[in-house]
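The values are calculated or read from the model by the stated rules, or taken from the named source; none is laboratory data. Predicted model only: the values in this text are computed from it and were never measured. Note that each Cβ is placed from the backbone with ideal geometry, even for glycine, and that neighbours are counted across all protein chains shown. Just the protein is used for accessible areas: all its heavy atoms, side chains included, with ligands, DNA and RNA removed. Shrake-Rupley method; radii C 1.70, N 1.55, O 1.52, S 1.80 Å.
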Amino acid sequence: MGGLTGKIIAQSLGQVGSTLAFLILVIAVVEVLLYLILGKALKYRYTLPYMLIAPAAIGLALLVIYPIGYEVRLAFSNMSLRSFKNPEFGLDQAWRNFRMIFTQPVLKQAMFFPLFLRTILWTVIQVTSHVVFGMCLALLLHRPMKLRGLYQALIIVPWAIPQVIAVLTWRNEFHFEYGFINIMLTRIGLNAVSWKTNPFWNFAAVNLTNIWLGVPFMMVIILGGLQSISKSYYEAAEIDGASGWKRFRSVTLPLLQPVLTPAIILGTIWTFNLFNVPFLINQYELETSDILVTALFRAAFEYNRYGFAAAFALVIFAILFVFSVVYIKLTGGLKGVYER
Amino acid sequence: MKGIKRFFYRSRGDSPFKRVLIHLVLIIACAIAIYPALRILSVSLRPGNRLLSTDLSIIPKDATFENFRRLFTEKDFLLWVWNSLIITITTATIGVIIASASAYAFSRWKFPGRNAGMVFLLSTQMIPAAMMMVPIYIIAAKLQLINTYRGLALAYSVTSVPFSVWILKGYYDTIPRELEEAAMIDGMSQMGTFYRIILPLAAPALAIAFLFNFMNAWNDYMLARIMLQKREMLTWTLGLFRLQDQFQTEWGMYAAASLLIILPVGGLFFYSSKWLVSGLTLGSVKG
C-alpha cells in the first residue's frame, strides 16, 4: 500500500533512534566536560550560559562554519566529477576558477554579468510588486466592512500552500494547450503564449508565479503594521483637512516604517536567494531565466564543476555581504541586536 | 434593495460607488489567489481519459476518485509522506530543544561573545542555501550520509536553529526576571527555573519555533534533491516532482497527491496563522 512496508518503517525508526541516541551521548559528554573544566576547575561565572549554547554552537560550527571553510578550500581546487577523489589544490586553481566566472560562460552560454543584472531585475520586480500589491490589499482590508475576514482568509491561500506544490502547479498551468492561462487567453481572443519555451515569456512566468506567492505574506505583515497605528493620528490629520493621499504619505507611511523596512530588507535577501520558483518553473532549463543561485546549483549539480561552483558561491556571497554592510551602515540596523 | 444599500453604507463616509469598487477589487484578488488551488481539485477529480482537456469548470462533469486510488496503489505516495514526516519531526524536535536552551543563555546572561553570537546568528540568515549545497553534499558524500534519514535530519535541524533562537530570545526577553528571582529565593536552581517556569510560559513561542522548523524541512526541495536518490528514500517534494516529470498523463495523480498534502498542512497553517504572524514580528519588535 503506497510503497510503505513494515520493514521500511522499522528501518527508519531505527535510524532515527540511533541518531538521537548518538546526539544525546555527544551532548552529554560535551556538557560534562564543560562543567568540569569551566565550572569545577576554573570556577567561571558564565559556565551555565556556555553550557546552554554549547549544542547549538557545535551544530552551527560543524554544519555552517566548517562547510563555509570547506567551500573556500574547494574554490582553490579543480574538483569536478572526474577529479572527485584526487583534486588538485593551489593558488593557480583559485585564480583560474575566479577568472572563469567573469570571462567564460557560467553554464553553457549564460555569462556572469547578464546573470547578475537579471538577478537584480528579478529582485527589484519582485520586491516592488510584493510591497505595492501587498500595500494596496492591506489598505483595502484595513477598513470596517462585511466579508473582511473571508477576503483575508482567501487572499492568504497562496502562502498556505506548500511552495513546491504551488510552483509545480503553476508550471502545469503554463502548459501551452491545457494550462488555464492559455485557455483563458484564447477564449478572450488573444494568442496563446509559449510560456515554457520563449525566453521572455518564461522569465515572465517565473515572475508571475512568485508575485502570486509573495504578495500574501507582505500583505499580512503590512496589515499587522496598519493595525498597530493609533486611530488618533488619522483623526488629527482629518481635522487638519488632509486628503486621503496626504494622510497616506504623511501618517501611514512613516508609521509603517518600522515594520516595512525589515520586511523589505528580508524580502530582498530572500528573493535574491530564492531557488524553488526560478528553478522549478523553468522546465526546459532555459539559461535565459536563470538567476545567480539557480545558475550556481546547475554549475554544481548538473555540470558537476564543484571547485568552480565553490568559487562562484563565494562571489555571490560577497555580493550579498556588500549589500548587507551598506544596509547596516545606512540604517544602523544591527543596533537592535545589542539593546536589551 | 435596502439591504444592499445598508451593506455598502456601513463604514466611513465613502460613496457607494467607491465601496462597490473596493469589494470588486477584493473579489478579483480572492479569485486570483484561490483559482489555481481550485484547479488542483478539479484536475484531481478528472477521469484518466480526460486529463488533457480545455475544460475550465471546477468540478468536472464525470468526477471520479480514480486518481486517488491509483496514487495509493501504483505510486509510493504513503512512503514519501512517511519519509518526510520522520525527517521533519526529528528535525523540528532536535532544533527546538537546542534553540530553546541557547536562546535562554542569550536572553539572561551578558557572557563574553554574546553580541558577536547574535550578529553571527543573524548573518547566517543571509547565506544563500544554494551556496551551502556544494560543501554539504561533498562532506555528506565523504561521511556516507547520502541516502540516509540521519544526514538530512541533522542538516535541517541546524539550518533553522538561528531563526528559532532569534524568536525564542525575543519571547524570553518579555518574561520578567522577577519571576525567576522569586523562584530562586524559594530555593529553585537556575536550571530548575528555566525548566519549570520559563519553558511553560514560553509554550506559544516554542510552538511557533517548532512549526517554523517543521515547515522549513517539510517544504524543502533543494537539499532533499541532492541528498536522496534512492527510490525508497524519496520525500513527498521529490515524489511529486517525479510524478510531474513523467508523462502528462500523471497530471491527475500529481493533483491528487498535492491535494492530500495541502489539506492537512493548509489546515495547520490557517489554525496557526495568527501566531505565525505575531511570531514573525516578535523578534523584530522586541529584539
For region B:158-271, what is the Kirkwood hydrodynamic radius in Å, using each pair of distinct C-alpha atoms?
-> 17.5 Å
Averaged over every viewing direction, what's the projected area of the C-alpha convex hull for region A:171-287? Give it in nm², one decimal, please.
-> 10.1 nm²
Taking Cα centroids, how far is region B:113-170 from region A:36-106 in Å?
-> 12 Å
The Kirkwood hydrodynamic radius of the protein assembly as shown, taken as the inverse of the mean 1/r over all distinct Cα pairs, in Å, comes to 26.7 Å
Would you calculate, for chain A, the mean residue ellipticity at 222 nm contributed by helices, counting each DSSP H stretch of 4 or more residues as -39,500 (n - 2.57) and dividing by all residues, to the nearest 500?
-> -22000 deg cm²/dmol
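Heavy atoms only, probe 1.4 Å: what % of the accessible area of the protein assembly as shown goes to carbon and sulfur, would you let me know?
Whole-percent figure for carbon plus sulfur exposure: 68.
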What is the mean projected area of the alpha carbon convex hull for chain A, to one decimal in square nanometres?
-> 28.0 nm²
Heavy-atom accessible area per residue - chain B, 1.4 Å, Å² = 44 Å²
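Run the helix sum for chain B: -39,500 (n - 2.57) per DSSP H stretch of 4+ residues, divided by residue count, reported at 222 nm to the nearest 500 deg cm²/dmol.
-23500 deg cm²/dmol, from helical runs alone.
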Helix B:149-159 axis, angle to chain B major axis (alpha carbon atoms, nearest 10°) = 70 degrees
Among A:141, A:292, A:38, which one moves the most in a GNM of chain A with springs linking Cα atoms closer than 10 Å?
-> A:38
Can you give the Rg to Rh ratio for region B:32-122, taking only C-alpha atoms and Rh from Kirkwood?
-> 1.33
Given A:64, A:181, B:146, which one lies farthest toward the positive end of the charge dipole of the protein assembly as shown, if we put +1 on the Cβ of every Lys and Arg and -1 on the Cβ of every Asp and Glu?
-> A:181
What longest region of chain B stays clear of chymotrypsin sites (Phe, Trp or Tyr not before Pro) that DSSP places outside H, G, I, E and B and that have at most 14 other Cβ atoms within 10 Å?
-> B:66-246
What ratio of Cα Rg to 2.2 N^0.38 Å holds for region A:4-128?
-> 1.70
Please report the buried accessible area for the interface of A with B, total over both chains, probe 1.4 Å, in Å² to the nearest 100.
-> 9900 Å²
Dimensionless Rg ratio for region B:18-68, taking C-alpha atoms and the 2.2 N^0.38 Å reference | 1.51
Relative to the longest principal axis of chain B, what angle (0 to 90°, nearest 10) does the C-alpha long axis of helix B:251-286 take?
-> 40 degrees
Between helix B:114-124 and chain B: long-axis angle, C-alpha atoms, 0 to 90°, nearest 10 = 20 degrees
Consider all pairwise Cα distances in region A:248-294 and report the whole-number % of them above 12 Å.
-> 67 percent
Any idea how many Lys pairs in chain B come in under 16 angstrom at the alpha carbon, given 8 or more places apart or on separate chains?
-> 4
Given q = 0.22, 0.23 Å⁻¹, what are the Debye log10 I(q)/I(0) values for region A:70-160, with equal point scatterers placed on the Cα positions and solvent ignored?
-> -1.10, -1.13
Whole number please: convex hull volume per residue of the Cα set in chain B, in Å³?
-> 221 Å³
